[in-house]
Amino acid sequence: MIRDTDSKSPFLPAWVYLIPLAAIVLFYEALQPAPRDPSQRIVRFSVLIIVVAIVLMRVCRIQKQFDLFEPLYMVFGLFLVFYPVRALLAVWLDESWFDPGKAAVWGALWASGLGFVCFAIGYKIVLRNSSVRRMGWLARSWNLRRADAMGLGFLFAGLVGFLTVRVLGGSFFYFILLDPDIKAPGEIKPWFFYLLWICLLIQVGALIQLGSWLSTGRRTLWTVLYCILALLSTFFLARYFTVLFLVMTAVTWHYQRNRVRAFQVVALFLLVVAYLGVAGLYREWISPGYNLDEAGDLVQLASQQKELVVHYVVGNLEELYNLSEVISMTPSELPYQFGSTFTPVFLKPIPRVLMPTKPLGASAVFTRQLSPGSYDSGLVTALGAWGEWYLNFSWLGLVLGMALTGALCSAAYQAMKAATEFGRILLYSSFLVVLFSWLRNDFNSATAYGLYYFIPAILALAYITDARPWRCRLAYP
């Protein structure tokens with residue numbers, strides 16, 4: 001329902017004026033004499049995209065004060081890192097793959113900017129025209145004894161999962177080994193992803209315990225120990241799970257105790273960058289099929305921080321390159337998928353060894369066409385939400401798909417703000433896992449990561465609040 005204050009206003013919403021303003025800026029830029037050097041032109045264009053995105057983000061936000069975990073801010077940050085800032089880094093580092101004179105590179109930058117504009121518009125439309133609902137079962141108070149029992153049960157299950165990895169995989173490091181003979185698609189053990197889900201239960205239990213402590217102040221030492229064990233468990237799973245757990249912990253602290261400030265974000269970002277570099281080097285070091293000499297001497301490389309960052313951080317920001325390749329390959333070499341990359345979510349519980357014809361996610365489809373050798377060895381290259389929408393429905397899919405994504409994010413954020421109990425934080429942080437993973441990889445991977453956290457979180461909340469969410473009605477605030 002549209003609010004009365006909006007319907008009686010004789011003026012258009014403020015964000016509507018941004019569209020012709022952006023068009024005027026872009027038109028003015030097009031009339032300017034372009035530098036002969038394509039690198040200079042792409043730098044100017046990237047800076048222009050950043051400026052327009054900053055203005056659009058500020059106009060379309062929900063909270064008038066800075067809220068780091070509002071979806072619009074998170075998408076804005078990832079968009080900048082993956083696309084315009086990545087282009088600036090490519091020019092600065094003079095990377096071999098980056099050709100500023102290539103039409104596909106310009107197309108990728110245009111597509112990324114258009115996608116963010118559509119996301120912000122969809123985000124703003126839902127904000128102005130939707131009435132927020134909240135789930136009544138999330139408003140129930142917690143049974144602390146049940147919360148303690150559930151947290152302890154998740155801790156026990158997670159530890160059993162890691163012991164099972166040691167027995168079945170032969171090493172606690174099974175999940176983070178790079179050896180292609182272990183992780184080839186045809187050789188992945190059927191228990192791989194199911195056991196991974198069990199190992200992640202320790203993180204969900206730690207979040208439940210953290211929320212209980214933030215609400216009551218009880219069992220401080222146990223909470224600290226539990227969170228340390230959960231953080232250590234991520235080192236045996238993947239660098240990505242470490243980042244996800246830190247994000248979910250920060251969300252919990254942000255909404256239950258003190259808001260995360262800008263300088264804290266910068267400090268955490270620098271720590272994460274350092275961790276990604278060192279952990280990436282260590283991951284290659286322990287892998288049985290990897291020759292460390294290919295990366296240089298361990299001590300020498302560890303002392304060269306720039307090389308570590310370029311190799312293990314910048315090198316993983318591949319969305320701009322992949323989007324440019326999708327634009328150049330589709331549909332001449334790679335046909336449009338027309339939504340097929342979104343269908344694996346319905347067949348998620350079925351192992352691929354039992355169903356070889358199970359549809360592939362967008363990243364796997366793209367990698368199979370771009371680099372069959374990498375795909376056969378079990379490696380895929382991240383495509384991101386922008387690339388997946390384009391791969392399925394071309395430019396129209398990019399426009400409508402990113403607008404729909406923005407609408408869903410706005411609805412999820414408003415639902416979280418309408419509730420009061422800690423359950424909303426647990427579910428909202430799980431939603432952010434899906435959003436973050438989809439923007440970084442593809443929808444298939446995002447749903448997999450999301451289910452790892454959503455399923456135990458919903459079951460735990462139903463038990464802790466003594467509710468049955470599938471029987472509860474949606475109540476208006």
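At a glance:
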{"quantity": "Residue selected from region 351-389 under the condition β-branched (Val, Ile, Thr) and either within 13 Å of ASN444 (Cβ to Cβ) or touching a residue at least 24 places away in the same chain (Cβ under 8 Å) (or both), by the criterion surrounded by the most Cβ atoms within 10 Å (Cβ to Cβ)", "calculated": "VAL365"}
{"quantity": "Test: residue in region 190-200 that is farther than 28 Å from TYR375 by Cβ and either open to solvent by 30 Å² or more (accessible area, probe 1.4 Å) or modelled with pLDDT under 90 (or both)", "calculated": "no"}
{"quantity": "Given (1) free of Cβ contacts under 8 Å to residues at least 40 places away in the same chain; (2) more than 27 Å from GLY77 (Cα to Cα), number of the condition PHE338 does not satisfy", "calculated": "(1)"}
{"quantity": "Odd one out for ILE228 among (1) surrounded by fewer than 16 Cβ atoms within 10 Å (Cβ to Cβ); (2) over 23 Å from VAL265 (Cβ atoms)", "calculated": "(2)"}
{"quantity": "Matching residues, region 308-349, being of a type in the set (D, E, K, R), open to solvent by less than 60 Å² (accessible area, probe 1.4 Å) and either within 17 Å of the chain's Cα centre (by Cα) or at pLDDT 85 or above (or both)", "calculated": "GLU318, GLU319, GLU325"}
{"quantity": "Flag if LEU221 is part of a helix (DSSP H, G or I), within 20 Å of the chain's Cα centre (by Cα) and either of a type in the set (A, V, I, L, M) or modelled with pLDDT of 90 or more (or both)", "calculated": "no"}
{"quantity": "SER410 being surrounded by 14 or more Cβ atoms within 10 Å (Cβ to Cβ) and over 19 Å from the mean Cα position of the chain (by Cα)", "calculated": "no"}
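The values are calculated or read from the model by the stated rules, or taken from the named source; none is laboratory data. None of these values were measured; they are calculated from a predicted model. Please note: Cβ atoms are built from the backbone with ideal geometry, for glycine as well, and neighbour counts cover all protein chains shown. Surface accessibility is based on the protein's heavy atoms, side chains included, excluding ligands, DNA and RNA. Shrake-Rupley method; radii C 1.70, N 1.55, O 1.52, S 1.80 Å.
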